[in-house]
Structures are given as structure tokens and as C-alpha cells.
Amino acid sequence: MNVKHIVMALAATLIAGTMLSAQTPEEIVQKMSTEMQRGETEGFAMDLSIKMPIIGTVTAHNLINGKKLKSTIVGKDRISVSWSDPTTKWEYESTTGEITISSKDSPTAENNDTDYGIPDGIVDGYKLKLRKETPEAWYILCKKARDNKDKDDPKKMELVVSKATYLPVCISSKRSLISVMIENYTLGVPESSVTFNPDEFPEAKIIDKR
């Protein structure tokens, strides 16, 4: 076998190996969903940004463990922190130095605002296309399918998935004039991080409305 044949054989082997290792967008998203399911037991964190006309962009850092949620919003001149579980909500406002405790109207899972993560089947009703690939991540375009009649679903979503963890680096969408972006999704949030502790606010005035 001459050198030309050896080179051709090696090239064919390399191409075959590349084809075997290639993944479809659907396979990537399925693995992402499997990894994200660990958040149900380990807890997870993410940043949620919502951009609205006039109001501008509001960003919240969220910690979730089971049915417990802690959300922190940092503005130019204020900090707002809220904690919630299926029955109770605590809200701290830095401008007043007050913590308000209230009962939740509906403790059911369906209406509980602690169901705050990225839902299963987020790309159901969408056609997936691998738009770009880098050594660090896959960039997937999710376009709403013609048979998707859900008016609340945006026409398209941009999804970036980490190759190292198979977790979402960023999920962005826009519906009407409102843009939504989820970033910095990580696993591992202990229950103590999402549980209200009055000792952390020794000077705050507590108003119990339960």
C-alpha cells in the first residue's frame, strides 16, 4: 500500500469516527433534559432576566430546592429578596428595612410559584437546528412548528448547551415586546440556602400578615 492509499484510509477512518460521534440537536437537548432532572434532588440556581418596554431589564438570581425558592433582585438603589415554600412567603425590601410574611393563597403544586425551573419538554412543539458549534458549546435554534397552536409559545428560542456539563448556558426567547433570558444554570443548592433565616436580618422590622 502506497502513501496515498494510507492517507486515504486514515482520512476515511477519521471521517467515520467523526460521524459516529456527531449528535443531533434532539439528542443534545435530550441529554440536557436528563442532566437537568438532577436538579429535582440536588437543587439548582439560575439567573432570570426579563426585558420590558419602559420598565427596562429586571434580573433575578434564583435558588431552588424542591418546593422552596429564594429570589434576589438587585437594583440601582435597592435590594429585594423573597423566599417561599408551598404555604408561606417572606419578602425583604431594603428601602424600608421591612420583612413581610404572608400566607400563600394556593399551596397546590400547579399554582405554586416555587415551580420555577425550566419545565420538561421546553422544546416540545419546536423544530431544532444546530446553528453553530464551538469547542465549549452547541448553539441550537428552536423554531416553532406549524402545528404548534400554543399562543403563549414564542416563535423561536435560542439555546446554548455546555459540552462539559450538558447543562444550558443560556436560553433566550422573545414574545411580543418582552424578552426572556435564562443564564448561569448550575446544580447543587442546599435547603439552607433557600430557607428564610431572620438572624440574617437582625435590624429588619418583621410584619407578619398570616
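The values are calculated or read from the model by the stated rules, or taken from the named source; none is laboratory data. Note that the structure is a prediction, hence the values are computed from the model and not measured. Methodologically, a virtual Cβ is constructed for each residue, glycine included, from the backbone with ideal geometry; neighbour enumeration extends over all protein chains shown.
So here's what we get for this one:
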read-out	value
Filtered residue count, region 28-48, keeping only those that are under 19 Å from Val180 (Cα atoms) and in contact with a helix residue (DSSP H, G or I) (Cβ under 8 Å, 6 or more places away or on another chain)	1
Those residues of region 141-187 which are part of a strand (DSSP E or B), within 22 Å of His61 (Cβ to Cβ) and of a type in the set (A, V, I, L, M), in sequence order	Met157, Leu159, Val160, Val161, Val169, Ile171, Ile178, Val180, Met181, Ile182, Leu187
Tally, over region 94-109, of residues that are closer than 23 Å to Ala45 by Cβ, at pLDDT below 95 and surrounded by 12 or more Cβ atoms within 10 Å (Cβ to Cβ)	2
Pairs where the first residue, in region 178-207, is in contact (Cβ under 8 Å) with a residue 24 or more places away in the chain and the second is charged (D, E, K, R) and assigned to a strand (DSSP E or B), C-beta under 6 Å, 6+ apart	Ser179/Lys51; Glu183/Asp47; Asn184/Asp47; Val194/Lys68; Val194/Lys70; Lys205/Glu98; Ile207/Glu98
The listed residue being closer than 28 Å to Ala137 by Cβ, of a type outside the set (D, E, K, R) and modelled with pLDDT under 90, out of Ile28, Ile15, Ile64, Ile54	Ile15
Close pairs from region 79-106: first more than 17 Å from Lys205 (Cβ to Cβ), partner among the small types (Gly, Ala, Ser) and outside any strand (DSSP E or B), Cβ under 8 Å, at least 6 apart	Pro86/Ala109
Boolean, Gly75 is of a type in the set (Gly, Ala, Ser), surrounded by fewer than 20 Cβ atoms within 10 Å (Cβ to Cβ) and free of Cβ contacts under 8 Å to residues at least 12 places away in the same chain	yes
Residues (within 19 Å of Asn65 (Cβ to Cβ) and β-branched (Val, Ile, Thr)) located in region 166-192	Ile182, Thr186, Val189
In region 132-155, the residues that are under 17 Å from Val29 (Cα atoms), surrounded by 11 or more Cβ atoms within 10 Å (Cβ to Cβ) and without any contact (Cβ under 8 Å) to a residue 24 or more places away in the chain	Glu133, Tyr139, Leu141, Cys142, Lys143, Lys144, Ala145
Residue tally, condition among the hydrophobic types (A, V, I, L, M, F, W, C) and at pLDDT 95 or above, over region 171-195	3
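Condition check ((1) part of a strand (DSSP E or B); (2) surrounded by 11 or more Cβ atoms within 10 Å (Cβ to Cβ); (3) modelled with pLDDT of 90 or more) across all residues:
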residue	(1), (2), (3)
Met1	no, no, no
Leu10	no, no, no
Thr41	no, no, yes
Met46	yes, yes, yes
